[in-house]
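Reviewing the structure listed below.
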Amino acid sequence: MGSQKPRLKVQALWSSIKEDPDKFFKTMEPLVDHVAYNIDFDYKKIHLVPDPDYICYRLWQRLSVTSVGDVLKCPSDFEKDEVLGNVRTTTLKEIWDTAQEDERQRHLNGQRLQSSICEKCHHGATVEHGAKTHGGKEHVGDQIVYEDGFEGVGLNRKPDENGNSDTNTKQS
């Protein structure tokens with residue numbers, strides 16, 4: 001904390017910048033404090049190694065409400081596996097104070113992985129800290145640990161014999 005101004009971060013999906021990632025970084029770096037991208041992959045096929053000690057900040061910040069009024073504890077519950085209630089029958093305040101509080105206590109008591117959503121969530125994955133070099137510039141970042149390994153895409157992909165980090169990157 002202690003910042004004099006808000007920090008600005010911009011993110012893109014790798015698939016949208018993979019043809020020229022340097023252009024994306026060069027364009028955005030003068031405008032914002034942090035430039036990043038998210039990899040796109042199928043979370044059903046690639047399994048993350050969960051961090052059993054992770055406590056999710058989202059449980060203290062937000063609820064998600066679907067178009068039919070179902071209340072989810074987290075916006076990462078894409079399949080609606082853990083519905084906490086419905087706004088047609090229960091107020092948001094009641095859900096926040098009871099069902100969501102139960103979820104917060106589960107995290108604080110080290111029982112996060114009892115939740116199927118939390119167990120597979122990328123926010124609660126084991127992370128190795130480090131940096132990658134791309135275009136001669138070091139980009140600090142974290143690497144998620146995967147059960148069966150995952151080379152990733154973009155800056156996280158192992159370079160080929162020509163030093164390219166993605167087979168779709170333009171050759172100069």
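Extending 7 Å from the Cα toward the beta-carbon at both Leu13 and His129 defines two label points whose distance is 3.1 nm. Using 0.36 nm per residue and subtracting the Cα-Cα separation, the extra length available between His34 and Ser64 on full extension is 8.1 nm.
The phi-based Karplus calculation (6.51 cos²θ - 1.76 cosθ + 1.60; θ = phi - 60°) puts the 3J(HN,Hα) values of segment 85-97 at x, 9, 5, 6, 10, 9, 6, 4, 4, 5, 5, 4, 7 Hz, whole numbers, x for Gly and Pro.
Scanning residues 5 or more positions from Leu48 or on other chains, those with amide H under 5 Å from its amide H are Glu147, with H placed 1.01 Å from N in the peptide plane. The GluC sites (Glu not before Pro) of segment 59-112 meeting both criteria, a DSSP state outside H, G, I, E and B (loop) and at most 12 other C-beta atoms within 10 angstrom of the site's C-beta, are Glu79.
Legend: residue pairs Lys73/Lys120; Lys26/Lys120; Lys23/Lys120, Cα-Cα distance threshold 24 Å; pairs beyond threshold, Lys26/Lys120; Lys23/Lys120.
Only the coordinates and a few stated rules stand behind these numbers; no lab work does. Small disclaimer: the values here were computed from a predicted structure and weren't measured. Positions of Cβ are generated from backbone atoms using ideal geometry, with glycine treated the same way; all protein chains shown enter the neighbour counts.
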